[in-house]
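Heads up, the thing below is written out as structure tokens.
The values are calculated or read from the model by the stated rules, or taken from the named source; none is laboratory data. Note that this is a predicted model, so its numbers are computed, not measured. Glycine also receives a Cβ, built like all others from the backbone with ideal geometry; neighbour counts cover every protein chain displayed.
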Amino acid sequence: MNIDNVITEIESIATNGGKLLLPNPYEPELNSDMFIDKGFGVNVGAGSSDEGFSYKQPFYMVNRELGLVFTAKIIGNPQSSAIIKQAEQSIRQQAFDLFKEIYNNTTIAKFVTSLSFSSDELIFFGGDNGYENMAFTLNVNFLIREAVTGC
């Protein structure tokens, strides 16, 4: 499936940029500490298609949401609003930088007709006050061409 090719390419871009793949990108707070700092993963969301299958076409289009999950440890005093703000800005910038790389990636362009920003979410977790680590998820909609097989 082409979705697998897209995910593999996204993970390659992220790991080449120094990220560690999270074993569980669906619940980032459950990953061990060794993955939290510089962690990255892709979670696969719902897919939909407005098209029916046709014997005349060897493919169909699927709109699929992928969550690009970034994790990081907060360096410094997590009680400081300045430290929190700096950490938030940094993780958001990393996410949107990756989005730009995905958008311009020629390998992904072979499988994806369009992509668009859907939503994002930032959560804090861990430590005595719950602000030792953070996870930022950037949800992106991909319109992916999938081959019709086995029909």
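Residues in region 95-145 that are of a type in the set (Lys, Arg) and modelled with pLDDT of 90 or more: 2 in all. Among the residues making up region 59-98, a single one is under 19 Å from Leu22 (Cβ atoms), touching an Asp or Glu at 6+ places or on another chain (Cβ under 7 Å) and surrounded by fewer than 18 Cβ atoms within 10 Å (Cβ to Cβ): Lys73. The single condition among (1) in contact with a strand residue (DSSP E or B) (Cβ under 9 Å, 6 or more places away or on another chain); (2) part of a loop (DSSP other than H, G, I, E, B) that Val42 does not satisfy is (2). Looking at Ala87, is it hydrophobic (A, V, I, L, M, F, W, C) and closer than 30 Å to Gly127 by Cα? In short, yes. Answer yes or no: is there a residue in region 100-110 that is in contact (Cβ under 8 Å) with a residue 24 or more places away in the chain and of a type in the set (Gly, Ala, Ser). No, that holds for no residue. Residue selection: Gly18 fails the criterion of being in contact with a Lys or Arg (Cβ under 9 Å, 6 or more places away or on another chain) and assigned to a strand (DSSP E or B). Of the set (1) within 15 Å of the chain's Cα centre (by Cα); (2) touching a residue at least 40 places away in the same chain (Cβ under 8 Å); (3) over 24 Å from Leu20 (Cβ atoms), all apply to Ser119 but (2). Selection of region 74-116 for residues being among the charged types (D, E, K, R) and in contact with a helix residue (DSSP H, G or I) (Cβ under 6 Å, 6 or more places away or on another chain) yields only Glu101.
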